[in-house]
Amino acid sequence: MKTIYFDNNATTKVAEEVLEEMKPYFCELYGNPSSMHTFGGQIGAKIRNAREQIAALLGCEPSEIIFTAGGTESDNTAIMGTLAAAPNKRKIITTRVEHPAVLVVCRELENRGYTVVELGVDKQGRLNLAELENQIDDDDTALVTIMYANNETGVVFPIQEIAEIVTGKGVVFHTDAVQPIGKIPLNLSKSNIDLLSLSGHKLHAPKGVGALYVKKGTRLSPFMLGGHQEGERRAGTENVPGIIGLGKACELAAKNIEEENQRVKSLRDKLETALLEKCPGSRLNGDKENRLPNTSNISFEYIEGEAILLMLDRYGICASSGSACTSGSLEPSHVLRAMGVPFTAAHGSIRFSLSRYNTEEEVDYTIEKMPEIVNKLRKLSPFVAK
Ligand code: PLP
């Protein structure tokens, strides 16, 4: 049975071109870039090249990129590094719909005595920017950390406007951009964003590599200690093949971003429109207009998302209920709860997330199978009048 992979917000396939670029750096050119000999030293040029490829996608300077071990480390570094650089400030502002890589860190900081404000969202997952502005206390706010696009619903926040509000008050602004990078264009040279996290495995590079953009002049203490790598900004021997892969993946994304956006969006829209039409009791979660082009989060009322996933799995179709990190728990997603999605709908939510590798046939097959699955499960549901 062929696998139909609609779980690209959880992770993506490594692009063949990316793998090819990485291959020599495992068994042939395996030197340590910090070594004095030429064998290791030659790797430095490849790392510089990767930094340039990432900077080109983001519209920033290569020196503003720090390599990390992924999105979680980038988020932790941005938050902890900013607080360490401003020890007298004790307030952090974030949102209730962040990924745990931000939310759990902020809640831990609250336990350690920081004041943490979690901004709510409306029914469509949108922020109230006036509320954000009111919450910023210039003297005490160390950091505002707000995601660019939500991993569960795909809702995109007006990040440039948010960055202007925050930095206009002299406060550092970090955004978790793990989901949108490679999916929608961004130009940091025209932006007030101070810190931005991205992760390789969401854009067809391998897992365990990521980057943190640090705008020139931003005060950030190192989070990982114990080495001189990355200009003393992130200790630890570089993940050389991963970094090279991330650079190549960014180059590929930069080349095709507009075209792929359109193709993926039209596949996503075809799937979404058909499922909402053919499956009674279904509803879309999140702001329909301001969304990533690849993501669709649909609730099928009165049935369990996990049951739908198991039945999809029998047909080789991979999707997700809630985020990959929260799946496995029976708690409905914190994102949908923050949006006020009723319990009966939040439990039956499925996220389809597409990529450039999906095809129309895969979409058509899913459109054929999904109503069958929903009808079957509805018949078993104790909540539906028969
Ligand atoms: N932030 C967001 C929005 C994510 O979706 C994820 C992964 O799902 C992460 C952070 C964590 O990234 P990583 O898996 O690279 O640690």
With an 8 Å Cα cut-off and a minimum separation of 6 or more residues, compute the relative contact order for the range 71-123 in percent. 41
On a 0 to 90° scale, report how tilted helix 100-111 is relative to the longest principal axis of the chain, with both axes built from alpha carbons and the result rounded to the nearest 10. 70
Please state the shape class of the range 56-166: rounded when a/c is under 1.5, otherwise prolate if a/b exceeds b/c and oblate if not, all from the C-alpha gyration tensor. rounded
Suppose a student asked you for the relative contact order of the range 226-360, using Cα pairs under 8 Å spaced at least 6 residues apart; what percent would you report? 24
Would you compute, for the Cα atoms of the range 245-368, the largest minus smallest coordinate along each principal axis and list the three values in descending order, in whole Å? 43, 30, 29
If a/c stays under 1.5 just call it rounded; otherwise compare a/b with b/c (prolate if a/b is bigger, oblate if not). Do that for the range 157-275, with a ≥ b ≥ c from the square roots of the Cα gyration tensor eigenvalues. oblate
Applied in sequence order to the range 185-199, the curve 6.51 cos²θ - 1.76 cosθ + 1.60 (Karplus, θ = phi - 60°) yields integer Hz couplings, x standing for Gly and Pro, of x, 8, 10, 5, 5, 10, 10, 9, 5, 8, 9, 9, 9, 9, 9
In whole Hz, what ³J(HN,Hα) sequence does the range 73-87 give by Karplus (6.51, -1.76, 1.60; θ = phi - 60°), x for Gly and Pro? 5, 4, 5, 4, 5, 4, 6, 5, x, 6, 5, 5, 7, 10, x
Per residue, in Å², the accessible surface of the range 16-252 once ligands and nucleic acids are set aside, probe 1.4 Å: 40
Starting at 0 and stepping by 10 Å, how many percent of the alpha carbon pairs of the chain end up in each bin? 5, 23, 30, 24, 13, 3, 0, 0
Size of the dipole of the range 16-252 about the Cα centre, Lys and Arg at +1 and Asp and Glu at -1 on the beta carbon, nothing else charged, in debye to 20? 220
State the three equivalent ellipsoid semi-axes of the range 1-81, derived from the C-alpha gyration tensor as the square roots of 5 times its eigenvalues, in descending order and whole Å. 26, 21, 13
For the range 124-134, just list the computed ³J(HN,Hα) in residue order, Karplus coefficients 6.51, -1.76 and 1.60, θ = phi - 60°, integers in Hz, with x standing in for Gly and Pro. 9, x, 9, 8, 9, 5, 5, 5, 4, 4, 5
Which whole-angstrom value gives the distance between the alpha carbon centres of the range 35-80 and the range 255-325? 33
If packing is taken as the average count of other Cβ atoms within 10 Å, what order do 313-321, 124-132 fall into, highest mean first? 313-321, 124-132
Give me the tail of P(r) for the range 237-295 as a percent: Cα-Cα pairs with distance above 14 Å. 68
Output ordering of 48-55, 149-156 (per-residue mean of other Cβ within 10 Å, highest first) is 149-156, 48-55
Among DSSP beta bridges lying fully in the range 16-252, give the percent that are antiparallel, nearest 5. 40
Got the relative contact order for the chain handy, in percent, Cα pairs under 8 Å and 6 or more residues apart? 23
May I ask which residue of 383, 180, 58 lies farthest towards the positive end of the charge dipole of the chain, with charges of +1 (Lys, Arg) and -1 (Asp, Glu) on Cβ and the Cα centre as origin? 383
Amide H partners (placed H, <5 Å) of residue 317, local residues excluded: 4
Residues with amide H under 5 Å from that of residue 285, placed H, sequence gap 5 or more: 297, 298, 299
Once the Cα atoms of helix 159-168 and of the chain are each reduced to a long axis, what angle between those two axes, in degrees from 0 to 90 to the nearest 10, is obtained? 50
Work out the charge dipole of the range 137-217 with +1 on the Cβ of Lys and Arg and -1 on the Cβ of Asp and Glu about the Cα centre, then indicate which of 159, 142, 212 is farthest towards its positive end. 212
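The values are calculated or read from the model by the stated rules, or taken from the named source; none is laboratory data. As the structure is a computational prediction, the values presented were derived from the model and not from experiment. Cβ coordinates were reconstructed from backbone atoms using ideal geometry, including for glycine residues, and neighbour counts include every protein chain displayed. For accessibility, only protein heavy atoms count, side chains too; no ligands or nucleic acids. Shrake-Rupley method; radii C 1.70, N 1.55, O 1.52, S 1.80 Å.
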